[in-house]
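These notes are about the structure you will find just below.
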Amino acid sequence: MDTVIPSEGKRVAVMTGGGDCPGLNAVIRGAVKTGVRKHGFSMLGIEDAFSGLIDPNYRSPHGNIQLTGPVVRDILARGGTILGTSNRSDPFRYVIEEDGVKREVDISARVMENFDRLGLDALISIGGDGSMRIAKRFMDLGMPVVGVPKTIDNDLAATDQTFGFDTAVQTATDALDRIRDTAESHDRVMLVEVMGRDAGFIALHAGLAGGAHAILLPEIPYNIEPLVKRIEDRRLRGQPFSVIVVAEGAKPMGGAESVIAEKLGEMPRLAGAAQRVTLALEDHIESDMRVTVLGHVQRGGSPSCFDRILGTRFGRHAAELVAAGDFGKMVALRGGEIVGVPIEEAVNKCRRVELDCQALQTARAMGVVFGDEV
Ligand code: F6P
């Protein structure tokens, strides 16, 4: 066991923001074990992202959660986050309602005051690009912050991979295996819609692992004809079933993503992409079709071994950056090593599936259709 250095005595806050994903608890545990046992930090878990700093007593009069060894015991394999999360608590764009009218206000000054009042020396913010953007703005106001990148979408450019992605791909692949069984039994065309927002990584990787016959990505606007041809070619070859993976952000050539709801202070909600493909196919093929939307099943569940290890390494490294006073950094996986990179790198660059990447070329070599072929 590492030697405790109690003299440091830093008071460190930890929070999880944005959508949850498998591995968040592994990061919390990694940071707390390193911070408390090695560096003698006192650690405070902030509840529901910034909600617990906007009002430190908003959940209970005791205020937030003291993160000690016993609190993080047995959480490594648990999905979700013991701290709770929110994607509606951006203090710079906080939504309030007055006389039935909603508007956004900046309450970042209140958060800075509460940070001081709680005697905090640092914040470890675990979140996606939105959370990193907020973390960067607080850093500019003088808050010492270290970021940890999370998202099942794997769309942060600053790290080779985010934790949560591996588990989400495994979940989607398990579903595709099941869908394939029933598709084959009934000679059906089955469309499976997966998450990922504007990035097609989950769709591409699960499609590859699950042996999909077509994959529609946000990065490649699709035409319906190549899909029709693939389904018909298979039917003529004596395989009258097909499995098509549709990213929720997929869009037809010349069209837009399927957005079902837009609310003040929130990201537009995507849904209906696979249903739209079904409607377009109906005019061209006789096959019976069914749509399965995997949705939030991809966000929950016990993290894979990869995500447990990556989360633990990220958490440990974040605590080490705090101990070293190396703020304004986000931990990242680069070439197998965990390093600290400037938070703005995560904020300014999102990652998308590159059209010449090997994973995509491999899928094409397997006969997978992406809807861009003529
Ligand atoms: O960013 C993660 C993600 O799961 C996306 O893949 C998805 O579009 C979105 O969050 C769903 O968000 P919510 O939980 O707010 O519906």
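If the requirement is being within 20 Å of residue 310 (Cα to Cα) and either at pLDDT 95 or above or open to solvent by less than 20 Å² (accessible area, probe 1.4 Å) (or both), which of these qualifies: 126, 46, 54?
Every option except 126 fails the conditions.
Evaluated against (1) outside the structural domain of residue 158 (by TED's automatic domain parsing); (2) touching a helix residue (DSSP H, G or I) at 6+ places or on another chain (Cβ under 9 Å), residue 328 falls short on exactly one condition, (1). Just one residue in the set 107, 82, 75 is hydrophobic (A, V, I, L, M, F, W, C) and either open to solvent by less than 10 Å² (accessible area, probe 1.4 Å) or touching a residue at least 60 places away in the same chain (Cβ under 8 Å) (or both); that residue is 75.
Residues that are open to solvent by 30 Å² or more (accessible area, probe 1.4 Å), assigned to a helix (DSSP H, G or I), more than 16 Å from the ligand (Cβ to nearest atom) and of a type outside the set (D, E, K, R): does segment 286-294 have at least one? First the steps, then the outcome.
In the first step, residues of segment 286-294 are kept if they are open to solvent by 30 Å² or more (accessible area, probe 1.4 Å); the result is 286, 288, 290-293.
This time we only want the ones that are assigned to a helix (DSSP H, G or I), so: none.
No: segment 286-294 contains no residue that is open to solvent by 30 Å² or more (accessible area, probe 1.4 Å), assigned to a helix (DSSP H, G or I), more than 16 Å from the ligand (Cβ to nearest atom) and of a type outside the set (D, E, K, R).
The test for being at pLDDT 95 or above and farther than 21 Å from residue 274 by Cα holds for residue 149.
Of the set (1) away from the ligand (no atom under 16 Å from the Cβ); (2) in a loop (DSSP other than H, G, I, E, B); (3) over 24 Å from residue 90 (Cβ atoms), all apply to residue 353 but (1).
Take the conditions within 16 Å of the ligand (Cβ to nearest atom), basic (Lys, Arg), touching an Asp or Glu at 6+ places or on another chain (Cβ under 6 Å) and closer than 18 Å to residue 130 by Cα and apply them to residue 88. Does it pass? If you could, list the steps in order and put the result at the bottom.
On the way: within 16 Å of the ligand (Cβ to nearest atom): yes; basic (Lys, Arg): yes; touching an Asp or Glu at 6+ places or on another chain (Cβ under 6 Å): no; closer than 18 Å to residue 130 by Cα: yes.
For residue 88, the condition - within 16 Å of the ligand (Cβ to nearest atom), basic (Lys, Arg), touching an Asp or Glu at 6+ places or on another chain (Cβ under 6 Å) and closer than 18 Å to residue 130 by Cα - is not met.
Select the strands (runs of 3 or more DSSP E) contained entirely in segment 119-227, then report the ones holding at least 3 residues which are within 15 Å of the ligand (Cβ to nearest atom).
Values: elements: 122-127, 145-149, 189-194, 214-216.
The qualifying strands (runs of 3 or more DSSP E) are 189-194.
Taking each residue of segment 261-286 that is in contact (Cβ under 8 Å) with a residue 12 or more places away in the chain and within 16 Å of residue 89 (Cα to Cα) and looking for partners that are of a type in the set (Val, Ile, Thr) and outside any loop (DSSP other than H, G, I, E, B) with beta-carbon atoms closer than 9 Å, six or more apart or interchain, yields 264/95; 265/95; 266/95. With respect to residue 31, determine if the residue is modelled with pLDDT of 95 or more, open to solvent by 40 Å² or more (accessible area, probe 1.4 Å) and within 18 Å of residue 316 (Cβ to Cβ). Judged against the criteria, residue 31 is not a match. When restricted to residues that are open to solvent by less than 30 Å² (accessible area, probe 1.4 Å) and either closer than 19 Å to residue 23 by Cβ or not β-branched (Val, Ile, Thr) (or both), segment 169-183 contains 6.
Contact map, segment 19-31: first residue not assigned by TED's automatic domain parsing to the domain that holds residue 268 and part of a loop (DSSP other than H, G, I, E, B), second residue away from the ligand (no atom under 11 Å from the Cβ) and among the polar types (S, T, N, Q), Cβ cut-off under 6 Å, separation 6 or more or different chains; pairs are 20/81; 22/167.
Would you mind stating whether residue 266 is within 14 Å of the ligand (Cβ to nearest atom), open to solvent by 20 Å² or more (accessible area, probe 1.4 Å) and in a loop (DSSP other than H, G, I, E, B)? Yes; evaluated as a whole, the condition is true for this residue. Put simply, of 316, 334, 299 the only residue that is surrounded by fewer than 22 Cβ atoms within 10 Å (Cβ to Cβ), within 16 Å of the ligand (Cβ to nearest atom), within 30 Å of residue 76 (Cα to Cα) and under 21 Å from the mean Cα position of the chain (by Cα) is 299.
May I ask you to verify whether residue 132 is open to solvent by 20 Å² or more (accessible area, probe 1.4 Å), touching a strand residue (DSSP E or B) at 6+ places or on another chain (Cβ under 6 Å) and not small (Gly, Ala, Ser)? Can you show your working first?
Details: open to solvent by 20 Å² or more (accessible area, probe 1.4 Å): no; touching a strand residue (DSSP E or B) at 6+ places or on another chain (Cβ under 6 Å): yes; not small (Gly, Ala, Ser): yes.
Spelling it out, it is not the case that residue 132 is open to solvent by 20 Å² or more (accessible area, probe 1.4 Å), touching a strand residue (DSSP E or B) at 6+ places or on another chain (Cβ under 6 Å) and not small (Gly, Ala, Ser).
What residue, of 272, 265, 295, 311, is outside the structural domain of residue 139 (by TED's automatic domain parsing) and closer than 18 Å to residue 168 by Cα? Give the steps one after another, and end with the answer.
On the way: 272 fails: closer than 18 Å to residue 168 by Cα; 265 fails: closer than 18 Å to residue 168 by Cα; 311 fails: outside the structural domain of residue 139 (by TED's automatic domain parsing).
The match here is 295.
The values are calculated or read from the model by the stated rules, or taken from the named source; none is laboratory data. Please read all numbers here as calculations on a predicted model, not as lab measurements. Neighbour counts run over all protein chains shown; Cβ positions are idealised from the backbone, glycine included. Accessible surface areas use protein heavy atoms only, side chains included; no ligands, DNA or RNA. Shrake-Rupley method; radii C 1.70, N 1.55, O 1.52, S 1.80 Å.
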